[in-house]
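Encoded as structure tokens, the structure appears first; notes follow it.
The values are calculated or read from the model by the stated rules, or taken from the named source; none is laboratory data. Here the structure is a predicted model, which is why all the values come from computation and not from measurement. We place every Cβ from the backbone using ideal geometry, glycine too, and count neighbours over all the protein chains shown.
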Amino acid sequence: MKFTCSQKKLSNSISIVQKAISPRSTLPILEGIFVKAYKGILKLIGNDLDLGIESVLEANIEEEGAIVISSRIFGDIIRKLPECEVEVKVSDNYLVTITALNSQFQIQGVKPDDYPDLKEVKEYEPVEIEQSLLKEMIQNTIFAVATDETRPVLTGGLVEIHNEDINIVCLDGYSLALKKGKIDSNTEVDVIIPGKTLNEISRIVDNSDEKINITIDDKHVLFDMGYTRIISRLLSGEFINYSQIIPQNYKTRVKIDAKSLYDSIERVSILAREGRNNLIKLNIKEDRLIIDSNSEIGTAHEELPIVMEGKELLIAFNSRYFMDILKGIGNEEVYIDFTTNISPCVFRPIEGDNFTYLLLPVRINA
């Protein structure tokens with residue numbers, strides 16, 4: 001095998017497929033990148049059996065062939081090279097020679113025959129969604145994916161596609177994140193996609209209006225961007241009926257600017273991090289919100305103007321979880337609804353219903 005291609009494009013493709021490679025795989029061959037050169041195309045694959053990523057780029061192919069190369073070493077070498085044409089040549093004993101300007105490296109590759117194929121997903125009735133919308137929906141919900149493996153379904157995000165509506169829901173023991181979007185589709189599907197897959201997709205897709213095709217079968221999902229294909233297993237099981245755990249009524253409602261609240265909590269949490277549970281206390285008064293934190297090394301206090309409906313309330317939260325939600329909301333006004341100081345609060349938009357967040361408080365003495 002022998003080919004030449006752009007260092008920049010090759011480095012970018014390596015970075016993409018590396019997102020599916022585990023450095024401590026039970027199969028040593030999966031710690032490498034599968035590289036295949038044919039018909040003017042260079043195909044790279046990373047695969048951990050649960051998640052597979054394929055990236056293709058144009059290259060000048062002098063000799064066709066395939067090989068598996070150490071992901072870490074190959075990636076480090078190509079990234080450190082200057083922006084130029086890179087030549088890669090593989091000898092009969094799978095010795096890889098990489099040449100660029102005045103640099104040359106030789107590393108031992110592996111025979112590709114035992115590298116597992118990516119799962120096949122029949123591309124039947126794919127759903128189209130703008131990359132920027134998918135990226136936003138994932139980034140605004142992924143923080144609420146559970147990391148506790150005792151409830152496997154919660155380690156993924158529920159993706160609901162009902163005709164023109166698409167929802168992503170993530171839920172752990174402390175918070176719930178629901179983001180809604182609109183697509184042009186007549187599909188009806190509910191699937192649970194692993195959190196790792198969603199996280200890596202959000203890093204790969206562009207912040208653009210270019211479309212990505214999503215195809216779902218019984219066990220796998222395919223995200224097709226043309227030059228990049230991401231195939232992941234689905235999680236089996238029944239997701240929690242999240243709509244039943246979102247309170248519909250409130251006794252206290254606060255209208256506040258999310259960005260101003262985020263900034264205040266971020267400052268107060270400097271000291272909250274020194275205590276237990278990143279604890280902050282919110283004292284909701286008639287026209288202002290008082291935010292306090294206490295630790296062994298000091299105290300912090302902030303006040304913000306609010307519009308309040310209902311009763312005054314003293315309630316406490318983990319500041320990190322609270323900030324994750326506010327970051328997802330962004331720079332807009334928001335309603336925060338409360339019932340009691342031991343019941344979850346709900347974040348809702350002032351207009352519409354494109355998001356809903358729920359957060360459990362931390363119990364404190366009244």
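What the table below lists for this structure:
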{"read-out": "Failed item, numbered, when Phe105 is tested on (1) aromatic (Phe, Trp, Tyr); (2) touching a Phe, Trp or Tyr at 6+ places or on another chain (Cβ under 9 Å); (3) within 30 Å of Val88 (Cβ to Cβ)", "value": "(2)"}
{"read-out": "Failed criterion for Ile364 (all others in (1) surrounded by 20 or more Cβ atoms within 10 Å (Cβ to Cβ); (2) hydrophobic (A, V, I, L, M, F, W, C); (3) in contact with a strand residue (DSSP E or B) (Cβ under 6 Å, 6 or more places away or on another chain) hold)", "value": "(1)"}
{"read-out": "Output for the stretch 97-139, where each listed residue is aromatic (Phe, Trp, Tyr) and surrounded by fewer than 18 Cβ atoms within 10 Å (Cβ to Cβ)", "value": "Phe105, Tyr124"}
{"read-out": "Qualifying residue in the stretch 81-97 (condition: among the hydroxyl-bearing types (Ser, Thr, Tyr), in contact with a Lys or Arg (Cβ under 9 Å, 6 or more places away or on another chain) and at negative phi)", "value": "yes"}
{"read-out": "Pick from the stretch 227-261, criterion part of a helix (DSSP H, G or I) and surrounded by 19 or more Cβ atoms within 10 Å (Cβ to Cβ), ranking: farthest from the chain's Cα centre (by Cα)", "value": "Leu261"}
{"read-out": "Answer from Leu358, Leu313 - the residue that is under 22 Å from the mean Cα position of the chain (by Cα) and touching a residue at least 40 places away in the same chain (Cβ under 8 Å)", "value": "Leu358"}
{"read-out": "Qualifying strands (runs of 3 or more DSSP E) (wholly inside the stretch 79-156; at least 3 residues being without any contact (Cβ under 8 Å) to a residue 40 or more places away in the chain and in contact with a helix residue (DSSP H, G or I) (Cβ under 9 Å, 6 or more places away or on another chain))", "value": "103-108"}
{"read-out": "The stretch 11-34 residues that are over 14 Å from Ile77 (Cα atoms) and assigned to a helix (DSSP H, G or I), paired with ones that are among the hydroxyl-bearing types (Ser, Thr, Tyr) and modelled with pLDDT under 95 (beta carbon under 8 Å, 6 or more apart)", "value": "Leu30/Ser22; Glu31/Ser22; Glu31/Ser25"}
